[in-house]
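Written out below as structure tokens is the structure these notes cover.
Since every read-out is calculated from the coordinates, none of them should be taken as a lab result. Predicted, not measured: the structure shown is a model, and the values here were computed from it. Here the Cβ is made from the backbone with ideal geometry for all residues, glycine too, and neighbour counts use every protein chain on show.
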């Protein structure tokens, strides 16, 4: 699949730092469904391209990237979730680190390795669907486990997406 726009997202607990490589613009959104909707509107305004020509790339951050993954899959927006270590190794020795720089580096990673980057179809492939259900059960178990101290807001927020 050929993409015209490469988007890097640094995912954290509360925010998404987004960088559009071609437009060289950065913006921060909340890591929730409202923020995801605003992200799509902003992306359409900035790029003026159909969403299927955009590759969204972000680090796999487990529980924090799960709601974004579900949203992108539902909207059928191409995305690639990359292990953080793979991105780090591709950069070599670097100086400086913050959310803006990380999102820019992720977008550059997506562009440089576009031929090696895959876009999974979790809902289309039964193997991925089974894996997603298993991951969901794991997160439910973690959230219910009494030894873990998750805040009530965090429990409510992530149990809806699982």
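Can you give the Kirkwood hydrodynamic radius of segment 18-82 from its Cα pairs, in Å with one decimal?
Details: mean 1/r = 0.0819 Å⁻¹.
After inverting the mean inverse Cα-Cα distance, the result is 12.2 Å.
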Legend entry - Spatial separation of Cα centroids for segment 35-73 and segment 13-30, in angstrom: 10
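For the peptides 35-42, 16-23, what is the packing order when you average, over each peptide's residues, the other Cβ atoms within 10 Å and list the highest mean first? Don't skip to the answer; put the middle values down first.
Numbers: 35-42: 16.5, 16-23: 20.8.
Sorting 35-42, 16-23 by mean packing, highest first, produces 16-23, 35-42.
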